[in-house]
Amino acid sequence: MIKKVIFLTVIIILYLNPFLPMSVKGLLGVIFIIISSIETNLKGSLITAVVIHALMMINFIFDNNIDYRYSMINMILGAMVFLFVALYIGTAAERLRNKNKELQTEIEMRKSVEKELKENLSILESLTSTLPTPVCYKDLTYRFTSCNSAYEEYFGLSEMEIVGNRAHDLFDPEVADPCLAMDIDLLEHKIRQSREVSFISKEGIKKYFIFTKALLTDEGGAPSGIVCVFVDTTEQKEHEKLKQSIEEEKRIIDEMQKYDKLKTEFFSNISHELRTPLNVIFCAVQLMELNLHDGNPICQKHVKKNVKSIKQNSLRLLRLVNNLIDITKIDAQAFEINLHNNDLVMVVQDIVFSVSDYVTTKGLKLIFRSDIEEKIMTFDEDKIERIMLNLISNAIKFSPIGENIYVDIFDRGNHVCIKVKDMGIGIPPDRMLDIFKRFYQISPVNTRLREGSGIGLSIVKSLVEMHQGSISVESEYGKGTSFLIELPATLLPEIADKEELKVRQERIENIRLEFSDIYLANE
């Protein structure tokens, strides 16, 4: 305010001075208007122009000039000049002043943003330096620009060694290759990258870590750098390995306990299986000793019956011992099969016909069906006979009187299917997966309804697999069971001569051996 009063006072003094030429006063008026426009605003410049013109009018009216007398036209022209200068200079000054204010506001905003960025950068640097997690920064040429102390400590390098280098300058390819691939992919797709990598530290310890990468951008959103954060997962990996190890040990322990239980049941079962025929043989021998001293023909008949009982139970013992020996050979991979090219249909049919009389004595009917008359292929006749006798024996054990047992053969081109089906008691659904396990029986030992050691089906499965085949079971509890054997229909490179068929008596002995625990009433 004081400046304006002084400025106005100076103008009044100068313009009322009669000794100052009018030309100078006119020039000073223009200067004063310009100064007023710059120092104040458009309104101030107009006021200054009006004041100067008013003073010029006073000079004109009172003839207050020593060198020149203004005419009215000059006064009007001077007023117009003053107003034009005031408007033009004032408007320009006002525009400049507004632009200056905008620039000043923008400068202040920039200073505020810079201050905030510096504060945030300071906070970020402080946070990064104190983080226990390794963190590093890279430029757009994949060179390190900085890192925190955790990064230096983790990789055993100083910041001076790191800054300015690329990943391949510092690390082995197992770490550097995925690192570079992630950087390239990050800049191309601008999507955050994560990957797990392992490496051997300088101490020779294998470490695992996950490194995550993200883009740093400028104010316009353009990429300006890359930030990498590393998370050590070594302890987590070790924990997972330990957990897996514990779970595996627990599984093994459970399997061992389950197997131990099976062995306990097996030995309980096998003791019964051994004791029963031995008791029968012992009783038969005692009766024979009594009857041998008597020449009565009736006593001789009893002796024959006891001899038959001894033979039958001796076969049971022999079958049991053979199974134990065979299962030991299978475990030792010392069990061999003798493969020859032969007619599978004929062999299976002979086996079925050989046991049909025995099946009939049990009140059952054995039916053989085949969709082909002949199938020459490679197999071991003795082992196929053993497989069939075992399955038919099981069907006899679990079939009620009056039912049928079916043996079917189906030709499937590159393989042949043999199906043994009974209409017996069936297998509970929860036991289906266990019947081929060694020492397993469907009925508990103490409530067992049928004789057997629980290793027959296990041997059958092994014999089928030795032929490169497979065996499966289908059963509906209370309605019957079907065993399905699939054998590959292959031939030996050189077809050997067919072996002579076994004599009937030899097959009968095998039948007696495999059926020894069914207690046949007659031959």
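The values are calculated or read from the model by the stated rules, or taken from the named source; none is laboratory data. From a predicted model like this one, the values you see are computed outputs, not experimental measurements. Here the Cβ is made from the backbone with ideal geometry for all residues, glycine too, and neighbour counts use every protein chain on show. Surface accessibility is based on the protein's heavy atoms, side chains included, excluding ligands, DNA and RNA. Shrake-Rupley method; radii C 1.70, N 1.55, O 1.52, S 1.80 Å.
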Can we say SER314 is at pLDDT below 90, surrounded by 17 or more Cβ atoms within 10 Å (Cβ to Cβ), of a type outside the set (D, E, K, R) and more than 52 Å from the chain's Cα centre (by Cα)? no
Please go through the range 227-257 and give me each residue that is over 29 Å from GLU116 (Cα atoms) and over 23 Å from the mean Cα position of the chain (by Cα), ordered by number. ILE252, ILE253, ASP254, GLU255, MET256, GLN257
Evaluate the following for MET109: is it modelled with pLDDT of 85 or more and open to solvent by 90 Å² or more (accessible area, probe 1.4 Å)? yes
Within the range 321-341, count every residue that is exposed (fewer than 12 other Cβ atoms within 10 Å of the Cβ) and touching an Asp or Glu at 6+ places or on another chain (Cβ under 6 Å). 1
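Which residues, counting only those in the range 315-341, are outside any helix (DSSP H, G or I) and over 19 Å from GLY469 (Cβ atoms)?
Across the range 315-341, the qualifying residues are ALA332, ALA334.
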Of all residues in the range 142-161 being under 35 Å from the mean Cα position of the chain (by Cα) and polar (S, T, N, Q), the one that is nearest to GLY204 (Cα to Cα): SER149
Which condition number in (1) within 16 Å of THR133 (Cα to Cα); (2) exposed (fewer than 12 other Cβ atoms within 10 Å of the Cβ); (3) at pLDDT 80 or above is the one that GLU235 fails? (3)
Would you point out the residue of the range 160-170, among those that are open to solvent by less than 40 Å² (accessible area, probe 1.4 Å) and out of contact with any strand residue (DSSP E or B) (no Cβ under 6 Å at 6 or more places or on another chain), that is farthest from VAL229 (Cα to Cα)? GLY164
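For every residue, the table says whether it meets (1) within 13 Å of ILE226 (Cα to Cα); (2) open to solvent by 50 Å² or more (accessible area, probe 1.4 Å); (3) free of Cβ contacts under 8 Å to residues at least 24 places away in the same chain; (4) not in a loop (DSSP other than H, G, I, E, B).
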site	(1), (2), (3), (4)
SER146	yes, no, yes, yes
TYR151	no, no, no, yes
CYS179	yes, no, no, yes
MET182	yes, no, no, yes
LEU186	yes, no, no, yes
SER198	no, no, no, yes
Scanning the range 200-226 residue by residue, those touching a residue at least 12 places away in the same chain (Cβ under 8 Å) and either over 29 Å from the mean Cα position of the chain (by Cα) or at positive phi (or both) turn out to be LYS202, LEU216, PRO223, SER224, GLY225, ILE226
